[in-house]
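What follows is a single structure, written as structure tokens, with notes after it.
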Amino acid sequence: MFGLQDGIVSTTGVVVGISTGIDNKSVIVLAALVAVMVEASSMAAGQYSSEKAVHQMDKTGKHTDSLFVGAFIMFVAYLLGGMFSVIPTLIFNQPDARYIAIASSFVGLFVIGYLKGKIVEHKPWRSAIELFIIGSIATTVGIIVGHFLKV
């Protein structure tokens, strides 16, 4: 859940910000792919390190889950989340790609938030709206930075 949500939010902010500041599709695609791969790797490493610390602190030996499986799941989840904005950028030209990336990311966040709420049995509509707002803030930051730092 965390990797998927963060993959959508972070990558959309990057893609939208870059595409607001520059029109060159090759540069936008390169930056988007570099960002999503680096961020997915970083998230996987963070997952591995965090879970390893939990294992090391656990003196009872109850934590026996695989550190590598957790890191792999985080990597894949983040990568999948990033595709919500990367795929429109690959397929469409600007500015349409930017708008489609924003729309697909917002829909993705809303659906993921709703499903999370259903799974944990706690206010699915509220969960959906919360993730939508989080994505909106990150996307807005990307647009503002891209707008003011145009090249």
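Any read-out appearing in this document is the output of simple, stated calculations on the displayed coordinates, not a laboratory observation. This structure is a prediction, so every number in the text was calculated from the model and none was measured. Cβ coordinates were reconstructed from backbone atoms using ideal geometry, including for glycine residues, and neighbour counts include every protein chain displayed.
Odds and ends about this structure:
- Highest mobility in the GNM of the chain, judged by mean-square fluctuation with C-alpha springs under 10 Å and restricted to GLU121, GLU51, GLU39, is found for GLU121.
- Percentage relative contact order, the chain, counting C-alpha pairs under 8 Å, at least six apart: 39
- Dipole axis of the chain (+1 Lys, Arg; -1 Asp, Glu on Cβ), positive-most option in GLN5, ILE134, HIS122: HIS122
- Within the shell of other residues whose beta carbon sits under 14 angstrom from the beta carbon of VAL76, the net charge comes to -2, with Lys and Arg scored +1 and Asp and Glu -1.
- Taking the Cα centre of the chain as reference, the dipole from Cβ charges on Lys and Arg (+1) and Asp and Glu (-1) amounts to some 160 debye.
- Candidates SER49, THR20, ILE143 compared by Cα position along the dipole of the range 2-148: farthest toward the positive end lies SER49, with charges placed on Cβ.
- Proximal aspartates and glutamates relative to LYS25, as straight alpha-carbon distance under 18 Å, when same-chain residues fewer than 8 apart are discounted: ASP96
- Taking a Cβ cut-off of under 15 Å around PRO124, the surrounding Lys, Arg, Asp and Glu residues balance to a net charge of +2, with basic ones at +1 and acidic ones at -1.
- Low-density loop positions, chymotrypsin sites (Phe, Trp or Tyr not before Pro), the range 59-151 - DSSP coil, at most 11 other Cβ in 10 Å: none
- For the range 14-24, 3J(HN,Hα) per residue [Karplus equation, 6.51 cos²θ - 1.76 cosθ + 1.60, θ = phi - 60°, Hz, x = Gly/Pro]: 5, 4, 5, x, 5, 6, 6, x, 8, 9, 6
- Proximal lysines relative to LYS52, as straight alpha-carbon distance under 22 Å, when same-chain residues fewer than 8 apart are discounted: LYS62
- Applying 1/(1 + (r/R0)^6) with R0 = 22 Å to the Cβ-Cβ distance of ASN93 and SER136 gives a FRET efficiency near 0.35.
- In plain terms, the chain is cut at each of the trypsin sites (Lys or Arg not before Pro) found in a DSSP loop with at most 16 other Cβ atoms within 10 Å, and the longest leftover piece is 63-149.
- Eligible aspartates and glutamates near LYS118 by straight Cα distance, threshold 18 Å, same-chain separation 8 or greater: GLU130
- With the convex hull drawn around the C-alpha atoms of the range 21-151, the volume per residue stands at 128 Å³.
- Count Lys and Arg as plus one, Asp and Glu as minus one, and take only other residues whose Cβ is under 13 Å from that of GLY46; the net charge is then -2.
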